[in-house]
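Asker: Can you keep this structure in mind? I'll have questions shortly.
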Amino acid sequence: MLRLINGMTLVIATHNPGKVPEIAALLGENYRFVTAGELNLPEPDETEATFTGNAMLKARHAAALSSEVAIADDSGMSVAALDGAPGVFSARWAGPAKDFSIAMKKVETRLEEVGATDRSAWFTSALAVAWPDGPCVVVEGRVDGTLTFPPRGDRGFGYDPIFVPETGELTFGEMEPAAKDAISHRARAFARLRAALID
Ligand code: ITT
């Protein structure tokens, strides 16, 4: 049976510094962490068409190269009026410089172009845990909300300053990290992971 055991080392298979504290906070203090960046692991190409596919690809890549159990997140923001875009292309909309002011502006411009008044959006997080000898578990979580422009708040990362979760009025960029961690797509995915691999 696949389990995460207290005290084991887990590779956090991300090169996004915004995700590391969120994943570490969700996992708590029971594991030893090392990040893909600290191990100088190369970033794999995200060639899959789904969040779950890319999360498994990243976790398997890090587990194979490090010989440790690895956890990866593949996530993104989907906008209803843009048929779910940017979705799995969320990071790529920020360009090679990973400038999310450009990505957020692009979302606003696309909404104006299609003449949409619907501002519904959601974040998805797929979390995958892979073992070096092959097994892999993947789960998904989602949080719904609405978009607001101009961006507000300098906390969080990525698209956080334009996303207001349905349970409140502040953007993810304005919320305390713990408040975001309590309701986020990543937290919801983690609850499923906990049920599958920890409890
Ligand atoms: P890794 O693959 O190395 O983890 P990445 O940034 O390329 O880093 P993704 O491919 O999963 O990760 O891209 C997801 C993008 O979606 C991410 O760069 C953010 O812009 C956005 N995103 C995901 N979760 C988010 C969150 O909680 N808040 C804001 N933006 C988020």
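The values are calculated or read from the model by the stated rules, or taken from the named source; none is laboratory data. The shown structure was predicted, so the numbers you read here are calculated from the model rather than taken from an experiment. Here the Cβ positions follow ideal geometry from the backbone for every residue, glycine too, while neighbour counts run over all protein chains shown. Surface accessibility is based on the protein's heavy atoms, side chains included, excluding ligands, DNA and RNA. Shrake-Rupley method; radii C 1.70, N 1.55, O 1.52, S 1.80 Å.
Asker: Within region 51-65, can one find any residue that is surrounded by 14 or more Cβ atoms within 10 Å (Cβ to Cβ), farther than 23 Å from residue 189 by Cβ and touching a Leu at 6+ places or on another chain (Cβ under 6 Å)?
Answerer: Yes, because at least one residue in region 51-65 is surrounded by 14 or more Cβ atoms within 10 Å (Cβ to Cβ), farther than 23 Å from residue 189 by Cβ and touching a Leu at 6+ places or on another chain (Cβ under 6 Å).
Asker: Same structure, new question: Report the residue count in region 165-177 for those that are more than 16 Å from the chain's Cα centre (by Cα) and modelled with pLDDT of 95 or more.
Answerer: Going through region 165-177 one residue at a time, the tally reaches 7.
Asker: Please indicate, with yes or no, whether at least one residue in region 119-129 is of a type outside the set (Gly, Ala, Ser), open to solvent by 70 Å² or more (accessible area, probe 1.4 Å), outside any loop (DSSP other than H, G, I, E, B) and at pLDDT 95 or above.
Answerer: No, region 119-129 has no match at all.
Asker: State whether one or more residues within region 77-85 are open to solvent by less than 30 Å² (accessible area, probe 1.4 Å), over 30 Å from residue 106 (Cα atoms) and modelled with pLDDT of 95 or more.
Answerer: No.
Asker: Which ranges mark the helices (runs of 4 or more DSSP H) fully within region 6-118 that have 1 or more residues being within 12 Å of the ligand (Cβ to nearest atom), small (Gly, Ala, Ser) and over 24 Å from residue 143 (Cα atoms)?
Answerer: In region 6-118, 51-66 are the helices (runs of 4 or more DSSP H) which contain 1 or more residues that are within 12 Å of the ligand (Cβ to nearest atom), small (Gly, Ala, Ser) and over 24 Å from residue 143 (Cα atoms).
Asker: I would also like to ask the following. Pairs only if they're at least six apart or on different chains, beta carbon under 6 angstrom, first in region 25-42 and open to solvent by 20 Å² or more (accessible area, probe 1.4 Å), second of a type in the set (D, E, K, R); list them, first residue then second.
Answerer: 25/181
Asker: While we're here: Are there any pairs, at least 6 apart or on different chains, whose C-beta atoms fall under 7 Å, with the first in region 103-122 and in contact (Cβ under 8 Å) with a residue 24 or more places away in the chain and the second more than 15 Å from the ligand (Cβ to nearest atom) and in a helix (DSSP H, G or I), and if so, which?
Answerer: 111/81; 114/81; 116/81; 118/80; 118/81; 120/80; 121/80
Asker: Could you list, in sequence order, the residues of region 167-183 that are touching a helix residue (DSSP H, G or I) at 6+ places or on another chain (Cβ under 9 Å) and either over 23 Å from residue 105 (Cβ atoms) or more than 12 Å from the ligand (Cβ to nearest atom) (or both)?
Answerer: 167, 168, 170, 174, 177, 178, 181
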